[in-house]
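A.B. asks: Below are the structure tokens for one structure; questions will follow.
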Amino acid sequence: MNWLLLVVRLNGEASRDRVAVWREFRKVGAAPVSHGVWTVPDTPFFASAVERAVKLASRGSGDILVLAASGESGRSQEALRTAFEELRVDEWAEFGADCAKFEEEIAKEIRIGKFTLAELEEEEQSLDRLRRWYRDLRSRDVLELPQAGQGEERFQGCVRLLENYADQVYEALHLQPGEETGSVGDLETGVLPKGE
């Protein structure tokens, strides 16, 4: 894989512009290599983000040197790949931790019997945030890391968990006084019975 090295050169007065460039790089998933130097794979997805960052830097009386970096040695290539890969692995770990929080939240709502439309809407918003984050992570994971597959499994588990919770909310809304929920799945864990 070919890489781009992005050398940011902004004057000392341009802190707002420096932050804007930094945010653009973070948003797209560029990996810091050294102070003021970032790297991304040389692909169309990253090229458009680099163009946006270059415009932001020029707005602040600075520029970004965009250098093709094929690396003269295997060590150079590996150093760029490692910087990018470590960042992706950390992001997938953070995503997994947020999925765990989502799962815990759903389990808590089921445990305390909070089957309201307002709570369901709140949980749907949380899942939408996870969905956007998952799409962002997948779009920049050009290395096809095993963590991406694990992240997909974790996200799909969250989707199924919310669907089960939604079923329980709708069931609770239609109960007669004195009836209990629970026929849809395990109330404690939110897990569907096998075969359903």
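A.B. asks: Taking the Cα centre of the stretch 100-145 as origin and charging only Cβ (+1 Lys, Arg; -1 Asp, Glu), how large is the dipole, in debye to the nearest 20?
C.D. replies: Around 160 debye, computed over the stretch 100-145.
A.B. asks: Divide, for the stretch 58-116, the radius of gyration over alpha carbons by 2.2 N^0.38 Å, where N is the residue count.
C.D. replies: 2.10
A.B. asks: I would also like to ask the following. Over the heavy atoms of I112, what accessible area does a 1.4 Å probe trace out, to the nearest 10 Å²?
C.D. replies: The accessible area of I112 comes to roughly 110 Å².
A.B. asks: Take the alpha carbon atoms of the chain, find their radius of gyration, then divide it by 2.2 N^0.38 Å using N residues; give the quotient.
C.D. replies: 1.38
A.B. asks: Sticking with this structure for a sec: What percentage of the solvent-accessible surface of the stretch 1-99, computed with a 1.4 Å probe over protein heavy atoms, is contributed by carbon and sulfur atoms?
C.D. replies: 53
A.B. asks: Another question, then. Place a +1 charge on the Cβ of each Lys and Arg in the stretch 1-82 and a -1 charge on the Cβ of each Asp and Glu, then give the dipole magnitude about the Cα centre in debye, rounded to the nearest 20.
C.D. replies: 300
A.B. asks: Here's something else I'd like to know. Hey, if we sort W38, W22 by accessible area with the 1.4 Å probe, largest down, what's the order?
C.D. replies: Order by accessible area, largest first: W22, W38.
A.B. asks: Given a 1.4 Å probe and the protein chains all in place, what does the accessible area of D136 round to, in Å² to the nearest 10?
C.D. replies: For D136, the solvent-accessible surface is approximately 80 Å².
A.B. asks: Per residue, how large is the accessible surface of the chain? Use a 1.4 angstrom probe and give square angstrom.
C.D. replies: On a per-residue basis, 58 Å².
A.B. asks: Over the C-alpha atoms of the stretch 47-160, what are the Rg and the largest Cα-to-Cα span, Dmax, in Å?
C.D. replies: Cα-based Rg and Dmax for the stretch 47-160 come out at 19.6, 62 Å.
A.B. asks: Please give the Cα centre distance for the stretch 105-170 versus the stretch 13-87, rounded to the nearest Å.
C.D. replies: Their Cα centres are 31 Å away from one another.
A.B. asks: Now, a different point. Mind listing the phi-derived Karplus ³J(HN,Hα) values for the stretch 130-138, rounded to whole Hz, using 6.51, -1.76 and 1.60 with θ = phi - 60°, and x for any glycine or proline?
C.D. replies: 4, 4, 4, 5, 4, 4, 4, 4, 5
A.B. asks: Let me know the shape class of the stretch 89-128, please: from the alpha-carbon gyration tensor, a ≥ b ≥ c as square roots of the eigenvalues, rounded when a/c is under 1.5, otherwise prolate if a/b is greater than b/c, or oblate.
C.D. replies: Oblate, because a/c is 1.5 or more while a/b does not exceed b/c.
A.B. asks: For S58 and V19 in one chain, what is 0.36 nm times their gap in residues minus the Cα-Cα distance, to one decimal in nm?
C.D. replies: Additional length available on full extension: 12.7 nm.
A.B. asks: Magnitude of the Cβ-charge dipole of the chain, K/R +1 and D/E -1, about the Cα centre, nearest 20 debye?
C.D. replies: 1280
A.B. asks: Same structure, new question: Enumerate the aspartates and glutamates that K27 could reach by cross-link, defined here as Cα to Cα under 17 Å, with residues fewer than 8 away along the same chain left out.
C.D. replies: Reachable aspartates and glutamates: D17, D42, E51, E85, E86, D90, E91, E94, D136, D141.
The values are calculated or read from the model by the stated rules, or taken from the named source; none is laboratory data. All values reported here derive from a predicted model rather than from experimental measurement. For neighbour counting, all protein chains shown are included, and Cβ atoms are generated from backbone atoms with ideal geometry for every residue, glycine included. Only protein heavy atoms, including side chains, enter the accessible area calculation; ligands, DNA and RNA are left aside. Shrake-Rupley method; radii C 1.70, N 1.55, O 1.52, S 1.80 Å.
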